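Quick notes on the structure that follows.
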Amino acid sequence: EAAVTQSPRNKVTVTGGNVTLSCRQTNSHNYMYWYRQDTGHGLRLIHYSYGAGNLQIGDVPDGYKATRTTQEDFFLLLELASPSQTSLYFCASSAEGGAEVFFGKGTRLTVV
Amino acid sequence: KTQVEQSPQSLVVRQGENCVLQCNYSVTPDNHLRWFKQDTGKGLVSLTVLVDQKDKTSNGRYSATLDKDAKHSTLHITATLLDDTATYICVVGDRGSALGRLHFGAGTQLIVIP
């Protein structure tokens with residue numbers, strides 16, 4: 001069964017803190033994405049990747065780093081977290097061209 | 001600049017009624033368009049995907065249309081149920097190739113009341 005698993009599901013950190021969000025997919029998809037979702041906005045693309053070792057910048061990359069260590073694993077790094085990064089983060093994987101797209105259940109991050 | 005606009009922003013209907021959600025976009029090229037359902041605080045679940053220049057799909061009580069000339073899509077929900085309460089998100093894919101990426105609308109919040 002297709003799956004995208006995010007961890008942690010909830011995280012609270014302090015301003016200036018270091019946070020890593022993890023995403024693992026078992027769909028054999030090449031493409032993985034990190035989005036944030038905020039009230040009044042559609043999902044906004046932070047970073048995405050076409051495969052292990054590849055990284056592409058999305059629409060709202062400032063303050064975020066990402067790393068794709070394997071085909072299955074994609075990480076989002078916040079090295080100096082700020083309150084403006086309080087959001088609901090989604091990871092997704094897709095087949096080439098978006099023929100299949102699966103989303104994780106989300107990680108709610110609160111920066112206090 | 002927002003490339004995918006959805007309307008209405010929110011909608012309240014009574015259980016059993018039908019409803020129509022709209023999606024207009026300016027994404028070019030427009031390889032495909034997908035509708036997702038998102039329950040509050042949950043992940044997105046794909047309802048249907050449209051690909052052809054003028055396309056129609058049906059998935060149970062959900063049906064959708066796409067007109068690429070008008071860059072417009074509709075999602076019809078027939079005989080709504082309380083469980084249809086969710087946010088419906090329109091997503092346009094701009095390629096059919098390895099360079100493709102997805103463009104998201106802000107969603108329509110549908111509330112179904114008894």
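The values are calculated or read from the model by the stated rules, or taken from the named source; none is laboratory data. Please read these numbers as outputs of a predicted model, since none were measured by experiment. Neighbour counts run over all protein chains shown; Cβ positions are idealised from the backbone, glycine included. These accessible areas exclude ligands, DNA and RNA; they are computed on the full protein's heavy atoms, side chains included. Shrake-Rupley method; radii C 1.70, N 1.55, O 1.52, S 1.80 Å.
The numbered conditions (1) within 28 Å of A:I57 (Cα to Cα); (2) touching a strand residue (DSSP E or B) at 6+ places or on another chain (Cβ under 8 Å); (3) of a type in the set (S, T, N, Q) are all true for B:T28 except (2). I'd like to know if segment A:72-90 contains one or more residues that are over 20 Å from B:D94 (Cβ atoms), within 11 Å of chain B (Cβ to nearest Cβ) and of a type outside the set (S, T, Y). Yes; the residues of segment A:72-90 include at least one that is over 20 Å from B:D94 (Cβ atoms), within 11 Å of chain B (Cβ to nearest Cβ) and of a type outside the set (S, T, Y).
Scanning segment A:6-60 for residues that are open to solvent by 80 Å² or more (accessible area, probe 1.4 Å) and within 11 Å of the chain's Cα centre (by Cα) returns a single hit, A:R24.
Only residues that are touching a His at 6+ places or on another chain (Cβ under 9 Å) and either open to solvent by 40 Å² or more (accessible area, probe 1.4 Å) or at pLDDT 95 or above (or both) were counted across segment B:3-25, and they come to 9.
For segment A:66-79, the count of residues that are open to solvent by 60 Å² or more (accessible area, probe 1.4 Å) and within 11 Å of the chain's Cα centre (by Cα) is zero.
Yes or no, residue by residue, for (1) within 12 Å of chain B (Cβ to nearest Cβ); (2) free of Cβ contacts under 8 Å to residues at least 24 places away in the same chain; (3) within 23 Å of B:Y88 (Cβ to Cβ):
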{"residue": "A:Y35", "(1), (2), (3)": "yes, no, yes"}
{"residue": "A:R44", "(1), (2), (3)": "yes, yes, yes"}
{"residue": "A:L55", "(1), (2), (3)": "no, yes, no"}
{"residue": "A:A66", "(1), (2), (3)": "no, no, no"}
{"residue": "A:T69", "(1), (2), (3)": "no, yes, no"}
{"residue": "A:A92", "(1), (2), (3)": "yes, no, yes"}
{"residue": "A:T110", "(1), (2), (3)": "no, no, no"}
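Looking across segment A:39-56 at every residue that is of a type outside the set (G, A, S) and in a loop (DSSP other than H, G, I, E, B), the one that is modelled with the lowest pLDDT is identified as A:H41.
When A:G97 is tested against the conditions (1) open to solvent by less than 50 Å² (accessible area, probe 1.4 Å); (2) farther than 18 Å from A:V19 by Cβ; (3) modelled with pLDDT of 95 or more, the lone failure is (3). The set of residues from segment A:57-75 being closer than 23 Å to A:G40 by Cα and either at pLDDT below 95 or assigned to a strand (DSSP E or B) (or both) comprises A:I57, A:G58, A:D59, A:V60. Residues that are open to solvent by 60 Å² or more (accessible area, probe 1.4 Å) number at least 1 in the following strands (runs of 3 or more DSSP E) confined to segment B:33-114: B:44-50, B:54-59, B:72-77, B:108-113. Count of segment A:10-33 residues, restricted to those that are out of contact with any Ser or Thr (no Cβ under 7 Å at 6 or more places or on another chain) and at the interface with chain B (Cβ under 10 Å from one of its Cβ atoms), is 2.
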